[in-house]
Structure formats: structure tokens, C-alpha cells
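To keep things clear, I will list the structure first and then write my remarks on it.
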Amino acid sequence: SSAVSKCSAAARGYIQDRFLPLLVGRRRRRRAPLVHRGYYIRAHAVDHCVQDFLLKTRSHPRTQILSLGAGFDSLYFRLKDMGLLHHSVVYEVDFPNVVSQKATLIKRMKDLSALVGDAGGEGLGVAFSGEDYKLLGVDLSELSELERALEEAGLDKEIPTLFIAEVVLTYMESSRSDALIRWAAERFSRACFLLYEQMRPEDPFGLVMRQHFSQLNSALRSLAQYPDGEAQQRRFLEKGWTECSVMDMNEFFTCCTPEDEQRRVQALEPFDEYEEWHLKCSHYFVLAASKGMEPSWTPLLSSVTDPRRDGPVRVAGSVTAAACALHSRIPGLRRYGHHSVLIKPNVILTTGGFGEEDGQHCRVRNAHVLIKHGGYWRAGCVKKENPGERQGERLYHTVSCVSNGLALVVGGRTSPSSAGLGMLWLKFTETCDASDPDDITVELVSLQPAAEPAALRWRHSATEVTFKGEKYLFVYGGRSAEEPVLGDWCFLHTRELSCAVIPVEGPVPEGRHSHSACSWKGGVLIAGGLGAAEQPLGSVFFLRELDHGFRWQTIETHPPLIPRQVEGVIQQYSHTAHVHDGKLLLVGGVWFHLSSVPGITVIDIATGLCLDYTINTEHLEWPLMLHNHSSVFLPKEKELLLIGGGGNCFSFGTHLNPEPVSLSIGNILTGH
């Protein structure tokens, strides 16, 4: 499966490997862009470390590489083809049935066998042998048998040796993988160890990841004892390795991948799964350990400082998540990339997104409402007066309630390669204050006004602002099919549906998408987002109303309390936000280096003071994913209602939060 995914990534230009198709054969499949990126970063990390080892040891007369659980990997053939094995021998070990298949392929394919040559397969477990390539069928958990087979194949314990374990040890019992790590340190005088594996098993993404591998009968056995990079580092140092460094794959991509290479990869395919990409990368790590190496082997050192590790974590308190008490449950609320808005007191409209409808995962056609009546929420599907109208099928749009019974949809998309969608009126009947959600009917009216170009975007914000007594929608940021990040804006006059020219002064914020925006004092507060380099942005900006226009100003936040803060500013995206009584609440989002459910940060707008609150999910029976969600603040009840959220968890499956979640935040708002 890994080789098939790497082969698909190579076919799209992510990695250069002409040998993988020969080893994969007819099993080739086209994978999704998210999977391509995931296997790109894996292959890039391994190649980076392997080539660094060969470079640092080029003065030695002989070196060797031992790939543990090599499967159908093409590493040897690529290194040989690049002329990097002048004085190195590559040993590959896997189960006998795996290496038997691989040996047959090598013998059958002239492009492979010509590179290896054939010195005859002799010795314990040897399936194929060339001058600088040995393929052995041995169970890694049987150390004595492994050592004997390697000795017979010619492995030398006194020369520089690189061990590679690419998602291998985690499938072994911890006691056996620990023994292998210790054996390698004790038996080899000059050794390096490269490990690439999963981590962070207890957060929502990690739980989905673990469940996926358990269903494949390939449980991740090391994660309970070694759940993060720090634990893995201690593991190696305690087992005899003298130096060890670890990076998660977000850090590796940022710090060890040149910027031009980052841009090349980001431009290969239409892509809009940033949350899943960053979450996948935060759940895998690369580790480099060594002993007896002169000079030291340090392939994970970087001249780039990764800022996301700043600041001690301080938590001011917690709030408890409770599944929303619903009189009626409907699958239509299981979605992400949607938008929810309070269209009347205790009436919440949710539109668009990707989720569950008619028993399948798709772009959601129908809008849904939640109506609170008698202390309970009732959910229902909104009836369409024009049921054939499909303009409501969109992701990452905005919905703004313009007046009673009238809401404006701006932007959104169907697929990342398609042009952004325009604007759409949602006109409700007068029954939208009824206690029965099934009585609500909406008419969808497509629009083609002069402001249309400003609406052809997604992952943007649309926020009500006031200038000289007139109300406008401030449409800001986002992205389009042509531009991965937009930094422009439009003052959309909601009566005329045209863009007004209003002067804006002050330093213009960096372009962004997936940020939050809240109305405040006639202007708008912008927080977080993802920038042009696909990195979370720090900063909170206030677009302040003046007599002659508006002015951008920065809200200085302090102190650096939490992992998503750098030098006193916020770093997050795909969150939601609300303002109440001079406090800005940032809810969820994608945070790097966090092992629990993302929580709520409360920023005092006047002082910039930030307080972080965790979300206690012990009463929920399912993982709560707080990205690509929506949230509605009910000020009278001091309650936050979280609707939907989740996404495609790499190749592990799609997780959708099954029910709305209620957070009582009175203690947060009062500071107690």
C-alpha cells in the first residue's frame, strides 16, 4: 500500500522515482492530493537523512545501510542510479514472503537486475544478492536469527552503518522493538538510526488514526509507551545512543525543506485540505540518532528557527463539552466546511459543507435549522421552494443575516480546481420563528450584480461594518482557483449589492484565508489565518472606523501563554470567533504541537491579555474535532453551540462530529 501511494505521488511529480512503477506493477492506483503530500514528506525526510549520511561518511572507505522492513521500497535503486553507492552496501530485511516477491520482480525486470548484478543468493535467508545489495528474508523480532543472517551476508559491525526503520517498529511489541534499538547501539561501534513513525495517539486525529490501523489488524503497538517525540528521544538515549534529535513533519517541512521546494510541491495540484495536511504532519515524526560518529551526524539541524515551540503552556481553566440535547437527530448536521448563522433568536441556519446526506458522503445540498424550544433543540431540514436549485452546494462560504427572513451567501466552492461561486439570496417564509423546524421554507435566488468578482472566493470572511450610518459587508481575504491567498477586500453595500469605495489607511495585513472575523464597534476584528507559505499567521487586527474611512491597527496580545502563540501573538487557523463585552473568543482551529482538543482563547481587546481554556470532552462518546466547524454564541444563555467539524483524516477515513456540542462559558466571560 505504501509503495502504491509513493508510486502515485511520483507520477504527479512530487518525487523523482522511475523504479517504483517497476516494483508496484499492475497495482498502481491514483491517490488523492492529500495522500500525495503525505507520502512526499515521508520520502523527502528519508532521502534527506540518507543522503546526509552518505555525504558525511564519504571519506570512509566503506559504509553500509540496513533497511529494516524495507518492503517494496526503491531506495537502493535510486541511490545506485544517482551514483551515491561507490563504497556502500545496502542490506534490506523483511518477512521471507515479502522479499521472495521482491526478488522475483528484480530478476524479471532488466532495469532493476542490471543495476544489482547477481552474485548468487547464498546464506541464511538471502533471497537476492549483488555486489552492493543484499535482500534478506528474516523476522525482525527474532534478533538472534537476524544477527546471524546479517553476519553471513557480510554485514560489518565496525564500519559506519545507517539503520532505517520507516513505519516498521511501531507494528512490533515495544519490548521487541526496544531490544532491536538496544542491539543496534551495542553491537555497532559507529552507527546512525533513522526512524519515521506515528505519534500523538490520544487527540481526535490520533484516535481515528489508531482505529484505522487496528481495523487493518496492524495495531500501532509502540504508541502507548512512546506517544510523542520527547518520549522517543528518551527511548533512544536510554538504549545506548549518545545523540538523538526529533522533528514532527510540520517542523521538518518548514525547517529542512528549501522554500523553492516548498513552493514547487504546493503548486503541483489543486489543493484545499490544509487542516488535514498539517494534522497528518503533526502526527508523524522523523528521528535521527547516532553513536560513535565523528563528526556528529545531525541531519535534522536547521538554520531556520521554528517559532511554534515558544512559550510555556498556561491554562486559566476549562469548560465541559456536552452533547446537545436534541429532540430530533438528523445526519445533515454531520458536516464540515459549512456555515451556521443565527437568523433569529434561538433559530440557527446551517448551509453547505461536505458531510453525510442520503447515506453517503457528499457536498450537502440541503440547509438545516436548529430551533430551541422549551429548553431543547429541534433539528430539521429546510424545505426549498425551488428544489432543483443546486447553488446551495458549496464549501467555505459565508452567510450573513441581512434582515428578518433574508440572508446573503457569499462565495464558496465546489472543488479546489473550480472557480469560486458567486452570491446567493436565501429568502425565508414568515414561519421561521415557529417551534417546528420542518415548517421553515427557503427560496434560493442566484445573483449576478456588479460586485460579483469580489464574491468569487472561498475561505474568506464577510462581516458587517458601519460607515457614516450605512451598513456594509466587509468581504476580506480567502483564496480562489487562481490565487492561493487573497489579501484584498470589498465593502459590499447590502441594499445595492455593489462594492463601495471607502478609504482604508494603515499597514495592510498579510493576505490570509481560514481566519476569523467579528464585528466590533462598527469595524471588524481579524484573527489568525493561513498565509501564502501555508503557515499559520500570528496577529489580531482591528479595522477601525474613522470619520473619513477606516484604519488597520494591530491588537498587541500578551503574554505568550499557549502553543499557538509566538511572541505574544496568536497562531492558528480554521477556528471560529465571537466578541462579547470587550473580549474576543477564539474557538478551536488547527494548532501545532498540541496533544488535546483545541480549546478557547479569550483576549481582552483593551489590554491584549490572553487566557487559554481547555475543553473537557470526557462526557462525549466520540472524538471532538474542532476545525472546519461552525459555532454560534447565544449571549443570553452565555452558551456556545458547536456545529459540525472534522474532515478527511489522511488515508485513515473521514471523521464528522456526529452531534452539536454545547459549551457553557459563563465562567470564561466573567474571568472566574
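The values are calculated or read from the model by the stated rules, or taken from the named source; none is laboratory data. The structure presented is a predicted model; accordingly, all values stated were derived computationally and were not measured. Every residue, glycine as well, gets a Cβ built from its backbone with ideal geometry; the counts of neighbours run over all protein chains shown. Just so you know, the surface numbers come from the protein's heavy atoms only, side chains and all, with ligands and any DNA or RNA stripped out. Shrake-Rupley method; radii C 1.70, N 1.55, O 1.52, S 1.80 Å.
Charges were assigned to the Cβ only: +1 to each Lys and Arg, -1 to each Asp and Glu. The resulting dipole of the chain about its Cα centre is roughly 880 debye. Taking a point 7 Å from the Cα of TRP622 along the Cα-to-Cβ direction, the residues of region 632-672 with backbone N closer than 16 Å to it are 642-649, 653-662. Per-peptide packing, taken as the mean over residues of other Cβ atoms within 10 Å, places 619-629, 398-408 in the sequence 619-629, 398-408 from highest down.
Summary value for the chain: 10 percent relative contact order, contacts being C-alpha pairs under 8 angstrom separated by 6+ residues.
Between the beta carbons of GLU186 and ARG27, assuming R0 = 51 Å, the FRET efficiency works out to 0.85 to the nearest 0.05. Extension gain, GLU158 to ARG263, is 33.6 nm, computed as 0.36 nm per intervening residue step minus the present C-alpha separation. Any idea which of CYS49, LEU656, PHE467 is furthest toward the positive side of the dipole for the chain, if Lys and Arg beta-carbons carry +1 and Asp and Glu beta-carbons -1? Among CYS49, LEU656, PHE467, the one farthest towards the positive end of the dipole of the chain is LEU656. Label zone (LEU216, point 7 Å along Cα-to-C-beta; backbone nitrogen cut-off 18 Å) within region 249-282: 277, 279-282.
Can you give the FRET efficiency for SER403 and ARG12, using 1/(1 + (r/R0)^6), R0 = 41 Å, r = Cβ-Cβ distance, to the nearest 0.05?
0.30
At full extension, LEU447 and ASP358 could sit 29.2 nm farther apart than now, given 0.36 nm per residue minus the alpha carbon distance.
In terms of the ratio Rg/(2.2 N^0.38 Å) built on C-alpha atoms, what value belongs to region 315-670?
On the way: Rg = 19.1 Å, N = 356, 2.2 N^0.38 = 20.5 Å.
Relative to the rule-of-thumb radius for its length, region 315-670 sits at 0.93.
Take 34-40, 465-471, 45-51 and order them by the average number of nearby Cβ atoms within 10 Å per residue, most first; the result is 34-40, 45-51, 465-471. Between SER415 and HIS87, full extension at 0.36 nm per residue minus the direct alpha carbon distance yields a gain of 113.1 nm. The HN-Hα couplings worked out from phi for region 576-584 by the Karplus form 6.51 cos²θ - 1.76 cosθ + 1.60 (θ = phi - 60°) are 10, 8, 8, 10, 8, 6, x, 10, 9 Hz, whole numbers, x standing for Gly and Pro.
Kindly report the accessible area of the chain per residue (heavy atoms of protein chains, probe 1.4 Å, no ligands, DNA or RNA), in Å².
Per residue, the chain has an accessible area of 39 Å².
Volume per residue for the chain equals 158 cubic angstrom (convex hull of Cα atoms). Computed from backbone phi, the HN-Hα couplings of region 262-279 come to 4, 5, 4, 5, 5, 9, 5, 9, x, 9, 8, 10, 4, 4, 5, 4, 5, 5 Hz, rounded to whole numbers (Karplus: 6.51 cos²θ - 1.76 cosθ + 1.60, θ = phi - 60°; Gly and Pro given as x). Rolling a 1.4 angstrom probe over region 41-291 with all protein chains present gives an accessible area of which 47% lies on carbon and sulfur atoms.
For the peptides 282-289, 74-81, the ranking by packing is 282-289, 74-81, with the highest mean count of neighbouring Cβ atoms within 10 Å listed first. Phi angles of region 214-226 translate, via the Karplus equation with coefficients 6.51, -1.76, 1.60 and θ = phi - 60°, into HN-Hα couplings of 5, 5, 8, 6, 10, 4, 7, 7, 8, 5, 5, 7, 10 Hz per residue; Gly and Pro are given as x.
Spin-label model, LYS427 to ALA533: label points 7 Å out along the Cα-to-beta-carbon direction sit 4.9 nm apart.
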